[in-house]
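**Student:** One structure, pasted below without further comment.
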Amino acid sequence: MRKRGSQIGSSPAQKADYRVIVIGAGFSGINAGIRLKQAGITDFVILERADDVGGTWRDNTYPGCACDVPSVVYSYSFEQRPDWSRSFAGNHEIHQYIRRCVEKYDLMPWLRFGASVQQAVFDDRAGLWRLTLEDGRQLTARAVVSAVGGLVNPAYPAIPGLETFKGQQFHTARWQHDVDLRGKRVAVIGTGASAIQVIPAIQPTVSRLKVFQRTPAWVLPKPDFAVAARTRRLFARLPVLQRAVRNGIFAASEAIFGPLVIVDSPASRLLERGAHAYLKRQIQSPALRRKLTPDFHIGCKRVLLSSDYYPALAQENVDVITDAIVQVTPRGVVTADGTTHEVDVIVLATGFRLDIGNAPFEVRGLEGVSLSDVWARRGSKAYLGMAVSGFPNWFLMLGPNTGPGHTSVLVYTEAQASYIAQALKTLFERNLRYLNVRQREQDAWHDALQARMRHTSWTSGCRSWYLDANGENHALFPGLASEYVLRAKTFRPEKYDLTVFVPGVEESAPA
Ligand code: N01
């Protein structure tokens, strides 16, 4: 889109002092920008550390990359696109969609690329956030919307000797397109959502594919198909029809919440039986089937949708290796049975560092307290997943406990963008110095969510990125998306301490 570090458009992106700074230009940050403008707040900037918008859909370009949520739901509800080419769009098309939204909602002048935030410190007296960028530039804002995403930074596995490998190696989220895999011996480490898309895409071209699986996933078929031109024309002419389809798919995804999340219920057992039957139909070899059979409750980890993963694994040039990896040598991957699996390329499909548990850069709130320290001590907590006590005028998108395991994440981020716009309108219209969510409101919200966690499949005994080091789930919302939307619908100032500007005096205003 733009070259790294370049200045974009007219004045909004070029000043140093703003009412609002949005950090991140992925789906969430762009949504925040659209809502701010619609709320009449135009004195803002969206900072993006890369050179393009799109977040995860800019960074993940691996072969086969696509969404595993249907496109009519995985798009803004207020910006339906009638011409999705497939029921589950590929990464390029989704990236294009985000770029088109930037154009349509005229956000380019508000974007600043190559702007990586290093530190944010709240100046209590001035009621200002002071941000320092990587290149030393200083910016201020009355409020900050942190839309940095949770699954952004690759998790590189701590496998001894990985750095000694003489061939090429890269992470799925940093795919090296200049490496030609044709005819090569390739190792894929990991069998999560990214791996199951990469594996069928590269299997036909490589000479040998070695899939290193630590935990087999639950896999269900993906109803992916090309959308007929006729249907697209119909959607363009009758948006209400596409909206009805969207609502139907959303309702169906909400209906699957119970079977996926309520552990060991009759519905979840039925779903498990369906997944077993699917595996049996797809994989003829009993030995391979045994390797691919999960030994944990469905829904505990993300359920994967794919109709071409199992068929790819069954191909003659693929080995599924379940012996633990003990080290990597210059020639390949060594497993616990003593075998060296010689390969030319290693693909790390090992997922992401979940950055919900620690702020992605230094954030200091009232009295210089660090957000990472607070979250490290007490766990990642935020009221509605958006506001943290002691960090006034700092709003998170996709913060703690606001991710879904069953439907489109955009349903949550849309609700957040609208809530935050309401909060900021209150801040500016009442000329408040700051809004600081009350600790007891935050605790009550968090405790209620954690009490519900105990009954979910997520805590039923598997390893997943949903859980932190203490086995607590600070990532997902333990309810229907509709419940979250309802709870975040209206900004309620009484949940916050409101501090006003009084020359020389600090005073709390009644809510
Ligand atoms: O990562 P993952 P991902 N040695 O963490 C294995 C989203 N997403 O990039 O299961 C050996 O799921 C690890 O093994 P185990 C989506 O939310 C969305 O695939 O921990 N193996 C696992 O198999 C998803 O949940 C889309 O035992 C190691 C794999 O690597 C999230 O991103 C598409 C290992 C990591 O799986 C992450 O998905 C893609 C080691 N040292 C992703 N370390 C959509 O379509 C890790 N593993 C929307």
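**Student:** Testing Gly338 on (1) at positive phi; (2) at pLDDT below 95, one condition comes back false. Which one is that?
**Tutor:** (2)
**Student:** Kindly indicate which of Arg364, Arg289 is over 30 Å from Gly24 (Cα atoms), surrounded by 16 or more Cβ atoms within 10 Å (Cβ to Cβ) and among the basic types (Lys, Arg).
**Tutor:** Arg289
**Student:** Which of the residues that make up the stretch 86-111 are within 16 Å of the ligand (Cβ to nearest atom) and hydroxyl-bearing (Ser, Thr, Tyr)?
**Tutor:** Ser87, Tyr97
**Student:** Determine whether Pro330 is surrounded by fewer than 15 Cβ atoms within 10 Å (Cβ to Cβ), under 23 Å from Arg174 (Cα atoms) and either more than 12 Å from the ligand (Cβ to nearest atom) or in contact (Cβ under 8 Å) with a residue 24 or more places away in the chain (or both).
**Tutor:** Answer is yes for this residue.
**Student:** Out of the residues in the stretch 333-352 meeting the condition of being more than 17 Å from Leu209 (Cβ to Cβ) and surrounded by fewer than 16 Cβ atoms within 10 Å (Cβ to Cβ), tell me which one is farthest from the ligand (Cβ to nearest atom).
**Tutor:** Of everything passing the filter in the stretch 333-352, Gly338 is farthest from the ligand (Cβ to nearest atom).
**Student:** Working only within the stretch 44-84, note down all residues that are of a type in the set (Ser, Thr, Tyr) and away from the ligand (no atom under 16 Å from the Cβ).
**Tutor:** Correct list: Ser77 only.
**Student:** Given the structure, is Arg112 among the charged types (D, E, K, R), part of a strand (DSSP E or B), outside the structural domain of Gln203 (by TED's automatic domain parsing) and buried (at least 21 other Cβ atoms within 10 Å of the Cβ)?
**Tutor:** For Arg112, the condition - among the charged types (D, E, K, R), part of a strand (DSSP E or B), outside the structural domain of Gln203 (by TED's automatic domain parsing) and buried (at least 21 other Cβ atoms within 10 Å of the Cβ) - is met.
**Student:** Residues of the stretch 48-58 being under 14 Å from Ala173 (Cα atoms) and buried (at least 23 other Cβ atoms within 10 Å of the Cβ), which ones?
**Tutor:** Gly54, Gly55, Trp57
**Student:** Limited to the stretch 68-82, what total is found for residues that are free of Cβ contacts under 8 Å to residues at least 40 places away in the same chain and surrounded by 23 or more Cβ atoms within 10 Å (Cβ to Cβ)?
**Tutor:** Residues that pass the stated criteria total 1.
**Student:** Now for a separate question. When the residues of the stretch 306-327 are narrowed to those that are within 15 Å of the ligand (Cβ to nearest atom) and in a loop (DSSP other than H, G, I, E, B), which ends up surrounded by the most Cβ atoms within 10 Å (Cβ to Cβ)?
**Tutor:** Once the filter is applied, the top-ranked residue is Ser306.
**Student:** Among the residues of the stretch 293-304, is any under 30 Å from Gly471 (Cβ atoms), aliphatic (A, V, I, L, M) and assigned to a helix (DSSP H, G or I)?
**Tutor:** The answer is no; no qualifying residue exists.
**Student:** For Asp264, work out the one condition from (1) on the phi < 0 side of the Ramachandran plot; (2) modelled with pLDDT under 95 it doesn't fulfil.
**Tutor:** All conditions pass for Asp264, except number (1).
**Student:** One residue is enough: does the stretch 220-238 have a residue meeting the conditions at pLDDT 95 or above, closer than 29 Å to Gly190 by Cα and of a type in the set (Gly, Ala, Ser)?
**Tutor:** yes
**Student:** Just to be sure, is Gly29 farther than 19 Å from Glu429 by Cα, in the same structural domain as Tyr76 (by TED's automatic domain parsing) and in contact with a strand residue (DSSP E or B) (Cβ under 7 Å, 6 or more places away or on another chain)?
**Tutor:** Considered against the rule, which asks whether it is farther than 19 Å from Glu429 by Cα, in the same structural domain as Tyr76 (by TED's automatic domain parsing) and in contact with a strand residue (DSSP E or B) (Cβ under 7 Å, 6 or more places away or on another chain), Gly29 comes out as yes.
**Student:** Looking only at the stretch 112-156, count how many residues are out of contact with any Phe, Trp or Tyr (no Cβ under 6 Å at 6 or more places or on another chain), away from the ligand (no atom under 16 Å from the Cβ) and on the phi > 0 side of the Ramachandran plot.
**Tutor:** Residues in the stretch 112-156 being out of contact with any Phe, Trp or Tyr (no Cβ under 6 Å at 6 or more places or on another chain), away from the ligand (no atom under 16 Å from the Cβ) and on the phi > 0 side of the Ramachandran plot: 2 in total.
**Student:** Still on this model: I need the full set of residues from the stretch 157-194 which are among the hydrophobic types (A, V, I, L, M, F, W, C), surrounded by fewer than 16 Cβ atoms within 10 Å (Cβ to Cβ) and within 12 Å of the ligand (Cβ to nearest atom), in order please.
**Tutor:** Once the filter is applied, which keeps residues that are among the hydrophobic types (A, V, I, L, M, F, W, C), surrounded by fewer than 16 Cβ atoms within 10 Å (Cβ to Cβ) and within 12 Å of the ligand (Cβ to nearest atom), the stretch 157-194 yields only Ala158.
**Student:** So how many residues does the stretch 431-450 have that are at pLDDT 95 or above and surrounded by fewer than 17 Cβ atoms within 10 Å (Cβ to Cβ)?
**Tutor:** 7
**Student:** Kindly indicate the residue of the stretch 429-453 that is among the polar types (S, T, N, Q) and touching a Ser or Thr at 6+ places or on another chain (Cβ under 8 Å) and also farthest from Gly479 (Cα to Cα) among those meeting that condition.
**Tutor:** It comes out as Asn436.
**Student:** Looking at the stretch 458-477, can you tell me whether even one residue there is surrounded by 21 or more Cβ atoms within 10 Å (Cβ to Cβ), within 30 Å of Asn153 (Cβ to Cβ), modelled with pLDDT of 95 or more and away from the ligand (no atom under 16 Å from the Cβ)?
**Tutor:** No; the residues of the stretch 458-477 include none that is surrounded by 21 or more Cβ atoms within 10 Å (Cβ to Cβ), within 30 Å of Asn153 (Cβ to Cβ), modelled with pLDDT of 95 or more and away from the ligand (no atom under 16 Å from the Cβ).
**Student:** For the stretch 51-63, does any single residue satisfy the condition of being farther than 26 Å from Pro154 by Cβ and outside the structural domain of Ser307 (by TED's automatic domain parsing)?
**Tutor:** no
**Student:** Of all residues in the stretch 195-215 being within 13 Å of the ligand (Cβ to nearest atom) and of a type in the set (A, V, I, L, M, F, W, C), which is farthest from Arg302 (Cα to Cα)?
**Tutor:** Ranking the qualifying residues of the stretch 195-215, first place goes to Ala201.
**Student:** For the stretch 351-451, which strands (runs of 3 or more DSSP E) that fit wholly inside it have 1 or more residues that are under 25 Å from Leu260 (Cα atoms)?
**Tutor:** Answer list for the stretch 351-451: 352-354.
**Student:** In the stretch 1-23, what count of residues is obtained for those that are in contact with a Gly (Cβ under 6 Å, 6 or more places away or on another chain) and at pLDDT 50 or above?
**Tutor:** Count: 1.
The values are calculated or read from the model by the stated rules, or taken from the named source; none is laboratory data. All of these numbers come straight from a predicted model, not from anything done at the bench. Every residue, glycine as well, gets a Cβ built from its backbone with ideal geometry; the counts of neighbours run over all protein chains shown.
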